[in-house]
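*Asks:* Got a structure here, written out as structure tokens. Questions coming.
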Amino acid sequence: MSNMAMFSLEKNHFALFGLAPAYRLDLTQLEQSYRDIQAQVHPDKHAHLGEVERRLAMQWSTHANEAYQTLRQPLARARYLLQLNGAESDENSNTAMSPAFLMEQMEWREAIGDAKAAEALADLEHLAGRLRAEIRQREEKLQQALDVERDFAAAAEQVRELKFMEKLREEIHFALEALEN
Amino acid sequence: MALLQIAEPGLSAAPHQHRLAVGIDLGTTNSLVATVRSSISVVLNDEDGRALLPSVVRYLADGTTEVGYAAQAMQSVDPHNTVVSAKRFMGRGVSDIAAIVNLPYQFVDAPGMVQLKTVAGVKSPVEVSAEILKALRARAEKSLGGELVGAVITVPAYFDDAQRQATKDAARLAGLNVLRLLNEPTAAAVAYGLDNAAEGIYVVYDLGGGTFDVSILRLSRGVFEVMATNGDSALGGDDFDHRIYCWVLEQTGLFALSAQDTRLLLTRAREAKEELTFHPETRITAVLSNGQAVDVLLTSKIFSEITLSLVNKTLAPTRKALRDANLGVEDVKGVVMVGGATRMPQIQRAVGEFFGQEPLNNLDPDKVVALGAAIQANVLAGNRSGDEWLLLDVIPLSLGLETMGGLVEKVITRNSTIPVARAQEFTTYKDGQTAMSIHVVQGERELVSDCRSLAKFELRGIPPMAAGAARVRVTFQVDADGLLSVSAREKNSGVEASVMVKPSYGLSDGEIADMLKASQQHAHDDMTARSLREQQVDGGRILEAVAAALAEDGELLNDAERGKIEERMAALRVTLEGNAPQAIKNAAEALNRATESFAGRRMNRSVQQALAGHKLEELES
């Protein structure tokens, strides 16, 4: 009984928000649950209470933020699902990518580099659009692997590749930012 | 039979239940204090009916101070000892303020934060700010007729850890209990959101005296969410004054002015700026100390031209914030204007053009932040359940650690919702390395030298291992005020070190206590009396809270647990009758310990109840 609070804090992130563990997620419901929980546990709701309540509120609220951020972002959610299923994405240690993928990466980098050098805002924005579509497609595949086929090795590979795509997105973002300044 | 009591008109029937709490807008140019009275947020005026307190402090040779209008009046006469815009120096070193030229102060380079030399001795910006807060506290206590339970103090969203810590230190020095440091734009949105029942994406454009903030907020179903924030902590209305001042020098061929003349012309420049809000042109006249007369005509067209780059400087962070929030101008439902400087027509025009809509101006841009802060203070003090809304704030700057080669590894990225904690693992660089230096920095740049250094501490006693074998887990925790604490732990040996990030120039508890003592004339008696009152208020509050919790969720306890809690409540009640602050404190802490697991169960239940509705929906679908 006395460990009840800890038990709840240790529930997996999906259970915390009353959701079934899956990559395809009802984001509206996730958000609603997150807000409902924060409405209970946020430090602002406990500011007038004693030290114990304030400390608990900070722990709970921190935990809810962490869980929400993990589930809200597709890549973080996929990583977390892999972890729940005893698989890891090994992004730092496993760097064996398929030659086709690496070739594709080089082409992306070249295109971004050219657009940057030419200070071509429209080109960069076009690339950003293409990249968004590509990422969306890959996320579809990731969903298949995680939710339908439950092929965690394939999912892990998809996560590793998506991380590269994510880096490209950042690079375009920074290039756009630099151009606008 | 007891007679029925009837309260005087306008007074609450049960004043003892209402905890006195205020919202304070500690501004660069002006400060305000507001409170919620009969459910309405109002600014508290001074005895002459003025809402604004100029953020000006004058130090006199006898050690006394003048604050506000009295000090402002002496600005030209006694510029060295009259401190204006102290907020700009909060948590800032000499190198940070090097860009701020033509200031009539004698700066003293102290470790981390600059200090100012006055006739009353060397003063830190924290002490100057504390004088302003003291004046506001006195105004509030006089006007409300009692001691304050606490205050919400607003800070620019873009303030970094050092600046926030300095603000909190100033409040403590002024004897204020800080319920929360609240971002100014969020406070403004609270004031607007509640008054207008707004839903959607809002931009808060806040051009104050010395700082510019832009925040993107989402208001929906009672939740205020800061999606992104950006700004410039060294850009504000003062810079517009300064442009006018420079223009006057150009027009008249004046140079090398005395501090007093500089102050005089800057004051005239400010007046001209305010005139141009209502008139197409204004005449700037002054007689300098050498008898020379200044007389020039400034038109609003020229004013717009000489300040165009300043106006544009506000639009760059605005664009960045929109991009961080992944939004375009078409998504913005309204633009809330905050800060007296937004009254300038060229600002109104530029913002209107940028967003393609008229900015919102229904609340006084000088008061809106204080009004919102008061509303939040009322909730935090427990006067109102606050079920109606929730503020989910973010940190404005990324927090990270120095790694090999002077590079920054970000641990918590900017715009993360607070409170937030994140841990990252690091390892040793050399064989047999037994200590690790942890350097905490804040900022977006990749090089440590381009970021702000917050703290350095060492993790010692790591058992000698091969390079790369140690596993040091560094945990960052940012609380709801946006203040950081960092701890480090070596996993194999369990060696631990932690630091509450007190930036190198933050004040220690001891220093604050010393300053408090020094400022008290009847030091000992006052301190004891105050401490007793504080403990009594705290103890009473805890008793009240525990009693309410027992009434609400008592069934979560078995008889033995309940008995123990009641026993400690009784013990605390006994100490409250006496006059020993330490005894009250000990009894209150004992009660706190006894209720720890109860509090955990209650929190757990509230979360389950919050989700109960969804679980049903899930079963149905």
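Computed from the coordinates by the stated procedures, all read-outs in this text should not be read as laboratory data. Note that the coordinates shown come from a computational prediction; the quantities given were computed from them, not determined experimentally. Please note: Cβ atoms are built from the backbone with ideal geometry, for glycine as well, and neighbour counts cover all protein chains shown.
*Asks:* Just rank B:L484, B:L298, fewest to most, by other beta-carbon atoms within 10 angstrom. Kindly include the intermediate steps, with their values, before the conclusion.
*Replies:* Numbers: B:L484 28, B:L298 21.
So the residues, fewest neighbours to most, are B:L298, B:L484.
*Asks:* Let me check I've understood the local charge: for B:L136, count other residues with C-beta under 13 angstrom from its C-beta, Lys and Arg +1, Asp and Glu -1. What total comes out?
*Replies:* +1
*Asks:* B:L454's amide H: which non-local residues (gap 5+, or another chain) put their own amide H closer than 5 Å, with H modeled 1.01 Å from N in plane and none for Pro or chain starts?
*Replies:* Those qualifying (amide H under 5 Å, at least 5 residues apart or on another chain) are B:V440, B:V441, B:Q442.
*Asks:* How much length is gained if the chain between A:D26 and A:A118 is pulled fully straight, taking 0.36 nm per residue apart and subtracting their Cα-Cα distance, in nm to one decimal?
*Replies:* Numbers: separation 92, 0.36 × 92 = 33.12 nm, distance 4.15 nm.
Value of the extension gain: 29.0 nm.
*Asks:* Summarise the partner chain shielding of A:59-71 as one whole number: the mean count of Cβ atoms from other chains within 10 Å of each residue's Cβ.
*Replies:* Numbers: counts 5, 6, 7, 10, 2, 3, 7, 6, 0, 2, 4, 0, 0.
The mean count of partner-chain Cβ atoms within 10 Å per residue comes to 4.
*Asks:* Please work out the C-alpha center-to-center distance from region B:23-43 to region A:93-121 and express it in whole Å.
*Replies:* First find each Cα centre; the distance between them is then 54 Å.
*Asks:* Give me the percent relative contact order of chain B, please, defined on Cα pairs under 8 angstrom at least 6 residues apart. Intermediate values should be presented prior to the final figure.
*Replies:* Values: 1163 pairs, mean separation 76.4, N = 621.
Relative contact order here is 12 percent.
*Asks:* Excluding B:T154 itself, what net charge comes from residues whose Cβ is under 9 Å from its Cβ, given Lys and Arg +1 and Asp and Glu -1?
*Replies:* Details: positive: none; negative: B:D25, B:E184.
Once positives and negatives cancel, what remains is -2.
*Asks:* I've got another one for you. Please give, to one decimal in nm, the separation of the simple spin-label points placed at A:A153 and A:Q137, each 7 Å out from Cα toward the Cβ.
*Replies:* Taking the simple label geometry, A:A153 and A:Q137 are separated by 2.5 nm.
*Asks:* Shifting gears a bit: Considering only DSSP states other than H, G, I, E and B, which trypsin sites (Lys or Arg not before Pro) in region B:337-418 qualify as loop sites with at most 10 other Cβ atoms within 10 Å?
*Replies:* Numbers: sites: B:R343, B:R349, B:K367, B:R384, B:K410, B:R414; in loops: B:K367, B:R384, B:R414.
Answer in residue order: no site qualifies.
*Asks:* Here is a follow-up. Can you list the lysines whose alpha carbon is less than 20 Å from that of B:K333, not counting same-chain residues fewer than 8 positions off?
*Replies:* B:K320
*Asks:* Relative contact order for region B:399-508 using alpha-carbon pairs under 8 Å, separation at least 6, rounded to a whole percent? Numbers along the way, then the final one.
*Replies:* On the way: 243 pairs, mean separation 28.7, N = 110.
For region B:399-508, the relative contact order is 26 percent.
*Asks:* Among A:K45, A:K11, which comes first, then next, by fewest other beta-carbon atoms within 10 Å?
*Replies:* Values: A:K45 23, A:K11 13.
Ranked by crowding around the Cβ, least crowded first: A:K11, A:K45.
*Asks:* Where in chain A are the DSSP H helices whose alpha-carbon span along the long axis reaches 24 Å or more and whose Kyte-Doolittle mean is at least -1.0?
*Replies:* On the way: long enough: A:51-72 (31 Å, -1.05); A:99-117 (27 Å, -0.35); A:121-143 (33 Å, -0.92); A:152-180 (41 Å, -0.10).
Helix filter hits for chain A: A:99-117, A:121-143, A:152-180.
*Asks:* On to the next question. Amide H to amide H, which residues 5 or more places from B:A470 or on other chains are under 5 Å from it, using H placed in the peptide plane?
*Replies:* When sequence neighbours closer than 5 places are left aside, the close amide H contacts are B:T428.
*Asks:* To continue, here is another question. Please enumerate, by chain and number, the lysines with C-alpha under 23 Å from the C-alpha of B:K564, excluding those fewer than 8 residues away in the same chain.
*Replies:* The qualifying lysines are B:K585.
*Asks:* Averaged over peptide B:302-313, how many Cβ atoms belonging to another chain are found within 10 Å of each residue's Cβ?
*Replies:* Details: counts 0, 0, 0, 0, 0, 0, 0, 0, 0, 0, 0, 0.
The shielding value for this peptide is 0.
*Asks:* Can you tell me the 0 to 90 degree angle between the C-alpha axis of helix B:345-355 and the longest principal axis of chain B, rounded to 10?
*Replies:* In chain B, helix B:345-355 runs at an angle near 60 degrees to the longest axis.
*Asks:* Charges at C-beta only: +1 for Lys and Arg, -1 for Asp and Glu. How large is the resulting dipole of the protein assembly as shown about its Cα centre, in Debye rounded to 20? Present the calculation step by step, with values, prior to reporting the outcome.
*Replies:* Numbers: 83 positive and 109 negative charges, 208 e Å.
With Lys and Arg at +1 and Asp and Glu at -1, about 1000 debye.
*Asks:* Considering the dipole of region A:99-180 built from charges on the beta carbon (Lys and Arg +1, Asp and Glu -1) around the Cα centre, which of A:Q143, A:L179, A:A117 is farthest to its positive end?
*Replies:* Value: A:Q143.
*Asks:* Okay, next question. For region A:99-180, calculate the relative contact order in percent as a whole number, restricting contacts to Cα pairs under 8 Å that are 6 or more residues apart. Walk me through the numbers before you get to the answer.
*Replies:* Working: 39 pairs, mean separation 31.0, N = 82.
Relative contact order for region A:99-180 comes out at 38 percent.
*Asks:* Could you put B:F107, B:F212 in order, starting from the residue whose Cβ has the fewest other Cβ atoms within 10 Å? Present the calculation step by step, with values, prior to reporting the outcome.
*Replies:* Numbers: B:F107 14, B:F212 26.
Going from least to most buried by this count: B:F107, B:F212.
*Asks:* For region B:103-248, how many pairs of lysine residues have a Cα-Cα distance under 19 Å, where the two are 8 or more positions apart or belong to different chains? Working shown, then result.
*Replies:* Working: B:K123/B:K134; B:K123/B:K168; B:K134/B:K142; B:K134/B:K168.
Summing the qualifying lysine pairs gives 4.
*Asks:* Taking 7 Å along the Cα-to-C-beta vector as the label spot, tell me the A:T70-B:A580 distance in nanometres, rounded to one decimal.
*Replies:* Distance between the two pseudo-spin positions: 4.8 nm.
*Asks:* Find the eigenvalues of the gyration tensor of the Cα atoms of the protein assembly as shown, then list the square roots of 5 times those eigenvalues as equivalent ellipsoid semi-axes, largest first, in whole angstrom. Display every interim value, and only then the final one.
*Replies:* Numbers: eigenvalues 373, 291, 145 Å².
Largest first, the protein assembly as shown gives 43, 38, 27 Å.
*Asks:* Suppose every K and R has +1 on its Cβ and every D and E has -1 on its Cβ; what is the size of the dipole of region B:520-606 about the Cα centre, in Debye to the nearest 20? Walk me through the numbers before you get to the answer.
*Replies:* On the way: 12 positive and 15 negative charges, 30 e Å.
Its charge dipole is roughly 140 debye.
*Asks:* Work through the residues other than A:V52 whose Cβ is under 9 Å from its Cβ and net out their charges, Lys, Arg +1 and Asp, Glu -1.
*Replies:* Working: positive: A:R54, A:R55, B:R593; negative: A:E51, A:E53, B:E596.
Local charge sum for A:V52: 0.
*Asks:* Determine the calculated [θ] at 222 nm for chain A from helices alone, applying -39500 (n - 2.57) to every DSSP H run no shorter than 4 residues and normalising by the residue count; nearest 500 deg cm²/dmol.
*Replies:* -24000 deg cm²/dmol
*Asks:* Please give the contour-minus-distance gain from B:E271 to B:M404: 0.36 nm per residue of separation, less the Cα-Cα distance, rounded to one decimal in nm. All intermediate terms of the calculation are to be shown ahead of the outcome.
*Replies:* Values: separation 133, 0.36 × 133 = 47.88 nm, distance 5.24 nm.
Here the answer is 42.6 nm.
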